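I have placed the structure first, in the form of structure tokens, so that the comments after it can refer back to it.
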Amino acid sequence: MAPPSLKICCIGAGYVGGPTMAMIALKCPDVEVNVVDISKARIAAWNSDNLPIYEPGLSEVVEACRGRNLFFSTDVERLVADCDVVFVSVNTPTKTTGLGAGKAADLTYWESAARMIATVSKSDKIVVEKSTVPVKTAEAIEKVLSHNAKGIKFQILSNPEFLAEGTAIQDLAFPDRVLIGGRDTEGGQKAVNTLKSVYARWVPEDKIITTGLWSAELSKLAANAILAQRISSVNAISALCESTGADVSEVAFAIGKDTRIGPKFLQSSVGFGGSCFQKDILNLVYICECNGLSEVAHYWKQVVAINDYQKSRFAKRVISSMFNTVAGKKIAILGFAFKKDTGDTRETPAIDVCHGLLGDRAVLTIFDPQVPEEQIRRDLSMNKFEWDHPHQLHSHGGSVTSKIEYATDVYEACKGAHGICILTEWEMFRNLDYQRIYDNMQKPAFLFDGRNIVKVADMRKMGFIVYSIGKPLDPWVKDLQINI
Ligand code: UDX
Ligand code: UDX
Ligand code: ADP
């Protein structure tokens, strides 16, 4: 067999590194792709039939290439030393302590990966930043590499990933664009072209954008901030709809028809979650503050503030509708993942809503088709921002999780409940036998739809008292509300 035309090694076998490298391996059979991670368990899972992340279509892609030109390994140093291109796709959580705590990105993992690259490299390499990192990280990393380089040349590129979870394979196969940022030097441009030639195997040339290093880094933060801002904007309007009797779905549809606005990402919800939006906005805010741009920082902070408001508003609606107390009442939580088609719960709005209800001493029964019980218990006992710091977990202890139950059957979850909260838009929740659910609930039976997926009029006809985000309020709910 001919030797590979290029050897790629990706540090970090997570949600970004794993699927991205699998797609490169699929589309470039002549390129050898190694994905390495310090986590033995993660690598073992990538090498098994039970992949560490749930993503539609992923297992087919992995099966087609694994052992051919796609390899998963913990032999980090050897494989980094041996490759031409290193992708760095490690976690960049929000700092929990020290300078910039709660806002700045924690670059511990990135820096240690960079130092390791510098230590083990014996030939020139292209180092590609794939994790979302603050603007000018590339420059800092370049310094780490060049000060430890022993005569070896490193070219740094920024190649942010725009895939969304649940649609990762589709997004990777047919990206809106691929963005490659590099230095405006001969070496920098040569490196840009090398990476471009990898993507050009399946992405049309006009969708591969090349920019300066910093523009590429900032584009990723700005894209996520603007996407999140759309959701906070429509969620802000949803609160006004509830107060005035307008319907947020009708408003969003009408707005989206304006081609300057467009119809996507206007779905009002209980709030956005996921590992990126909040983290990237906080990062942007921190960078603005560090650059003395307090007005700009304040502007972006509001996107997160409205998201927090939306989550707490939802929990308050539940409590106030149920006679201002949920103490001792069983409430079924349908959906815990931050969106459908993923088992990921990072920053899921369900965590905040559950905390809000548990704070009022509700008894929760949680059902999610993809999230295991252990993960839910861990999420509900963790402090904010701890989820992405695997080595420093401090649990609250068992007090909170003792008031939650876990159901493996959605109808069991709802049996005997006073209320139901739909927190993830799983397709299966659209087509449940709601009559059966209603018949087995305490009366009055409450249905709180945080994703606008049920047909409100049908549910009301059945007898439910319904609250659906941004929809005209049920008279019952309206009468019992204090200012929300
Ligand atoms: C606007 C709305 O576009 C229109 O739908 C509504 O009916 C009335 O208000 P108008 O104010 O006439 O229309 O002009 P528009 O093209 O929207 O521009 C408004 C302002 O935004 C201008 O000062 C324009 O220079 C500025 N603008 C617009 C930008 O600064 N950047 C842009 O990308 C677009
Ligand atoms: C996001 C970006 O979309 C992606 O480009 C980037 O690479 C990573 O961050 P992801 O977090 O995986 O992707 O999912 P996304 O589909 O963007 O949803 C984020 C959150 O917003 C979810 O909680 C989702 O439910 C919520 N959302 C999305 C809404 O509430 N309304 C919408 O209209 C769209
Ligand atoms: P993302 O969502 O950005 O892909 P994940 O947290 O899913 O992030 O994945 C990041 C991965 O990077 C984790 O599996 C973690 O073990 C791995 N990792 C972090 N630091 C290093 C390192 N220095 N060397 C190898 N792997 C690392």
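The values are calculated or read from the model by the stated rules, or taken from the named source; none is laboratory data. Keep in mind that what you see is a predicted model, and the values were worked out from it rather than measured. Note that each Cβ is placed from the backbone with ideal geometry, even for glycine, and that neighbours are counted across all protein chains shown. Calculation scope for accessible area: heavy atoms of the full protein, side chains included, ligands and nucleic acids excluded. Shrake-Rupley method; radii C 1.70, N 1.55, O 1.52, S 1.80 Å.
For the range 80-93, the set of residues classified as open to solvent by 10 Å² or more (accessible area, probe 1.4 Å) and within 15 Å of ligand 3 (Cβ to nearest atom) consists of 81, 89, 90, 91, listed by residue number. When the residues of the range 94-122 are narrowed to those that are β-branched (Val, Ile, Thr), over 15 Å from residue 137 (Cβ atoms) and more than 24 Å from the chain's Cα centre (by Cα), which ends up most open to solvent (accessible area, probe 1.4 Å)? Filtering the range 94-122 for residues that are β-branched (Val, Ile, Thr), over 15 Å from residue 137 (Cβ atoms) and more than 24 Å from the chain's Cα centre (by Cα), the one most open to solvent (accessible area, probe 1.4 Å) comes out as 119. Restricting attention to the range 400-419, does a residue exist that is surrounded by 14 or more Cβ atoms within 10 Å (Cβ to Cβ), assigned to a loop (DSSP other than H, G, I, E, B) and modelled with pLDDT under 95? Looking for residues that are surrounded by 14 or more Cβ atoms within 10 Å (Cβ to Cβ), assigned to a loop (DSSP other than H, G, I, E, B) and modelled with pLDDT under 95, one finds at least one in the range 400-419, hence yes. Within the range 439-484, the set of residues being open to solvent by 40 Å² or more (accessible area, probe 1.4 Å) and not in a loop (DSSP other than H, G, I, E, B) comprises 439, 457, 458, 460, 461, 462, 475, 476, 478, 479, 480. Say we look at the range 243-264 and pick out the residues that are under 23 Å from residue 421 (Cβ atoms) and within 15 Å of ligand 2 (Cβ to nearest atom); which of these is surrounded by the fewest Cβ atoms within 10 Å (Cβ to Cβ)? Here the residue is 249. Among the residues of the range 150-191, those that are more than 11 Å from ligand 2 (Cβ to nearest atom), crowded, with 17+ Cβ neighbours inside 10 Å and under 20 Å from residue 112 (Cα atoms) comprise 154, 155, 156, 157, 158, 159. Within the set 249, 215, the sole residue that is free of Cβ contacts under 8 Å to residues at least 60 places away in the same chain and either assigned to a helix (DSSP H, G or I) or of a type in the set (Phe, Trp, Tyr) (or both) turns out to be 215. Can you find a residue that is of a type in the set (A, V, I, L, M, F, W, C), modelled with pLDDT of 95 or more, in a loop (DSSP other than H, G, I, E, B) and away from ligand 3 (no atom under 12 Å from the Cβ) anywhere in the range 3-26? No, the conditions are met nowhere in the range 3-26.
Condition first: open to solvent by 10 Å² or more (accessible area, probe 1.4 Å), of a type outside the set (S, T, N, Q) and either without any contact (Cβ under 8 Å) to a residue 60 or more places away in the chain or over 21 Å from residue 199 (Cα atoms) (or both). Can you find one or more residues in the range 3-17 that meet it? Yes, because at least one residue in the range 3-17 is open to solvent by 10 Å² or more (accessible area, probe 1.4 Å), of a type outside the set (S, T, N, Q) and either without any contact (Cβ under 8 Å) to a residue 60 or more places away in the chain or over 21 Å from residue 199 (Cα atoms) (or both). Among residues that are basic (Lys, Arg), away from ligand 2 (no atom under 16 Å from the Cβ) and in a loop (DSSP other than H, G, I, E, B), residue 68 is included.
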